[in-house]
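Bear in mind these aren't lab numbers, they're just calculated from the coordinates by the rules spelled out. This one's a predicted model, so the numbers in the text were calculated from it and none came from an experiment. Neighbour counts run over all protein chains shown; Cβ positions are idealised from the backbone, glycine included.
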Amino acid sequence: MPDGEYGLVAPAPAGSVSPSALPDNESVLRIERNQSTILNAGDARFAGRDTLLQGPIASRLIGLAFPILMVLAVQTLVSVAETYFVGFLGDDALAGVALVFPILMLMTMMSNGGIGGGVASAIARAIGAGRMRDAEALVSHSVVIAVAFGAVFTAAILGAGEALFSALGGRGEVLANALRYSSLVFGAAVPIWIVNLSRR
């Protein structure tokens, strides 16, 4: 019985692909040119440099991790020293700092971890693909994001800080200390955001 009679069509052999599903020659050539451009850009950027692809892996990883470990160590020491100093000011001062601490940690985790991690990932992908103009644009955009979020935190705490800390249980001298501390910390929210995002 010939193919097509009574609407029947012989099935295609196993493993074959329909011609319409194959890319045309122009698309294939375009893909190859893009891949070649990316590889050449990456080779030009890293040519003659000491990169992760050269030398022992352990020393490279230690070299990358050491600055981050130093930053974390300094931040921890600053926090301990700050708490130690505030402890001399009395229980009311410590209680006021404790009221501000959750909001400060929220801002720190957003700038360092959440949004900061996304910025670092986007920039790393752009540099790895050899798209240096995109990487530079991402850095500029990260500063804009930092200014916007820092301004939001500053406005929110300066405008609604008293109501917020009162809802958290602040009264009297404890509330006054919380407002003093939050005014200092969140008054500098924009520089904090810029530093946390840009150092990624």
TODO: Search the stretch 177-193 for residues that are without any contact (Cβ under 8 Å) to a residue 12 or more places away in the chain and pair each with any residue that is crowded, with 22+ Cβ neighbours inside 10 Å and assigned to a helix (DSSP H, G or I) when their beta-carbon atoms are under 9 Å apart and the residues are at least 6 apart or on different chains.
DONE: Ala188/Gly150
TODO: Report the residue count in the stretch 180-199 for those that are surrounded by fewer than 18 Cβ atoms within 10 Å (Cβ to Cβ) and farther than 14 Å from Phe149 by Cβ.
DONE: 5
TODO: Looking for whichever is over 28 Å from Gly169 (Cα atoms) and without any contact (Cβ under 8 Å) to a residue 40 or more places away in the chain here; the options are Ala126, Ala98. Which one fits?
DONE: Ala126
Task: Which listed residue is of a type in the set (Val, Ile, Thr) and over 30 Å from Ala160 (Cβ atoms), from Ile123, Ile115 - done: Ile123
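Given the criteria of a type outside the set (S, T, N, Q) and within 30 Å of Asp91 (Cβ to Cβ), does Val143 qualify?
Spelling it out, it is not the case that Val143 is of a type outside the set (S, T, N, Q) and within 30 Å of Asp91 (Cβ to Cβ).
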- [ ] Mind telling me which of the residues Gly90, Gly118 ends up being surrounded by 10 or more Cβ atoms within 10 Å (Cβ to Cβ) and at positive phi?
- [x] Gly90
